[in-house]
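Notes follow once the structure below has been shown.
The values are calculated or read from the model by the stated rules, or taken from the named source; none is laboratory data. The structure displayed is predicted, hence computed values, not measured ones. Here the Cβ positions follow ideal geometry from the backbone for every residue, glycine too, while neighbour counts run over all protein chains shown. With ligands, DNA and RNA removed, areas are computed over all heavy atoms of the protein, side chains included. Shrake-Rupley method; radii C 1.70, N 1.55, O 1.52, S 1.80 Å.
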Amino acid sequence: MLVDLDYFYAQIEERRNPSIRDKPVVVCVYSGRTEDSGVVSTANYIARRYGVRSGMPIVLAKKRLKDVESVFLPVDHDYYREISDRIMMILRGNADSFEQVGIDEAYLDVSQRTGGDFEKAAALAQLVKSEVRVQEGLTCSIGVGPNKVVAKIAADIRKPDGLTIVRPEEVKGFLSKLPVNRLIGVGKKTAERLEGLGVRTIGDLAGYDLQRLIECFGNSLGAYLHNASNGIDDEPVQERGEAESISRIATLKEDTLDLGVTTQTTDRLCQEVHERLVQRGLSFKSVGIVAVMKDLSIRTRSKTFEGPTDDLEVLRGTVKELFEKFLAESKVEARRVGVRISGLVKEKEAQKRLTRFF
Ligand code: DCP
Ligand code: CA
Ligand code: CA
């Protein structure tokens, strides 16, 4: 599934100050040259009804909204990033593997945990939406499909607060009537060139001769256009680059301050995190815990070692130790608990460092 937060920066601003909620809200990157120079970062859906769009000059947005009482605010990146990080934790906790794309969207591979059942995936998507709404007070739109290309287009179809499921047998019918620019990677230029070939919809593209696409767009884009328009995509969902961290979070059976209860859950999370670590051939240097409390506040603690390790028992022990101390000090009961390892390095490097001591 692809999860994308709705009008992200503007929705955060609405949440911060609910009194602006029923007005057009425009979040701006002011360049500082003159009072109104700069561009629109994003706008809420009320402002969009007046034609305000991301990337538009602030002056133009003001013109479109000149007869309406509206709210213009400067971007507050650090704050949006902090909220994004917390949401990504929630999303990651609901995926077999996870790939964040930009500040407000992510792909979740849920094939294993749903056994490939689209009804279960639909229920999981509802759960994700309600977790994000309850814990962060924000809405998102989700697309569920047999692969990333389809999930992405599905997520864009109904916004805000949408949920669109496209089952394998529905892919062709779903895609065929949409304009080609719905495909990621098809911008204005490619769309214009396709139009020149008489290709306007994804259905037109799916039926177009592959050889001729390759002649026009080269091997890689040509093949992509052919496959994507036919709903074919084998790109795996994977963490980007040398992922900064691996984490898992889960809801406890009951709200608690009891170390025995949390350990039951965190032991399992440690195992999952460790499996992922081993799969990717990595070692970790830091261990962190996170707890979402009964009052929905979020607490974290962490510990960093001298050198990297990939030992599951070290991970378990450290998590237990961190929770023991944390729970003893806490007054509010924990509702969800999470485990995170970071400072990740390739195993070989870790080995090299170790052997240096012998
Ligand atoms: N953004 C930006 N400048 C752009 C596009 C986006 O600064 N030209 C920022 C602001 C957005 C955020 O990135 O809130 C996410 O971009 P999206 O394209 O996902 O747009 P929104 O989340 O704002 O709206 P939507 O509800 O259409 O997803
Ligand atoms: Ca978005
Ligand atoms: Ca986005």
Keeping the other protein chains in place, figure out the carbon and sulfur percent of the accessible area of the chain, with a 1.4 Å probe.
49
What accessible area per residue, rounded to a whole number of Å², is obtained for the range 196-348 using a probe radius of 1.4 Å?
51
Given charges at beta-carbon only (K, R positive; D, E negative), |dipole| of the range 37-129 in Debye
580
Of the candidates Ser286, Leu178, Pro308, the farthest towards the positive dipole end of the chain (Lys/Arg Cβ +1, Asp/Glu Cβ -1, centred on the Cα centre) is Leu178
Set of lysines with alpha-carbon distance to Lys63 below 22 Å, sequence-local pairs under 8 removed:
Lys23
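If I take R0 = 30 Å and measure r between the Cβ atoms of Glu272 and Arg86 in this structure, what FRET efficiency does the formula 1/(1 + (r/R0)^6) give, to the nearest 0.05?
Computed FRET efficiency for Glu272 and Arg86 comes out at 0.95.
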In whole angstrom, how far apart do the alpha carbon centroids of the range 35-53 and the range 240-279 sit?
41
How big is the gap, in Å, between the Cα center of the range 140-170 and the Cα center of the range 63-95?
22
Just tell me which lysines come within less than 26 Å, Cα to Cα, of Lys177; anything on the same chain fewer than 8 places away is out.
Lys148, Lys152, Lys159, Lys188, Lys189
Lys/Arg Cβ at +1, Asp/Glu Cβ at -1, dipole of the chain taken about the Cα centre: which of Ile202, Tyr7, Val59 is farthest positive-ward?
Val59
For the range 171-184, Karplus-derived ³J(HN,Hα) couplings (6.51, -1.76, 1.60; θ = phi - 60°; whole Hz; x for glycine and proline) come out as 4, 4, x, 5, 6, 4, 8, 6, x, 4, 6, 6, 6, 5
Charge sum, other residues only, whose C-beta stays under 11 Å from Asp22's C-beta, Lys/Arg counted +1 and Asp/Glu -1
0
Could you tell me which of the pairs Lys320/Lys346; Lys294/Lys325; Lys129/Lys294; Lys253/Lys320; Lys66/Lys129 are separated by over 27 angstrom between their Cα atoms in the structure shown?
Lys66/Lys129
For the chain, size of Cβ-based charge dipole, Lys and Arg +1, Asp and Glu -1, in debye:
620
Hydropathy at least 0.0 by Kyte-Doolittle, axial extent at least 18 angstrom from the Cα trace: which helices of the chain, defined as entire DSSP H runs, fit?
312-329
Of all DSSP beta bridges in the chain, what percent run antiparallel (nearest 5)?
85
Glu324-Gln238 pseudo-label distance in nm [points 7 Å out on the Cα-to-Cβ vector]
3.9
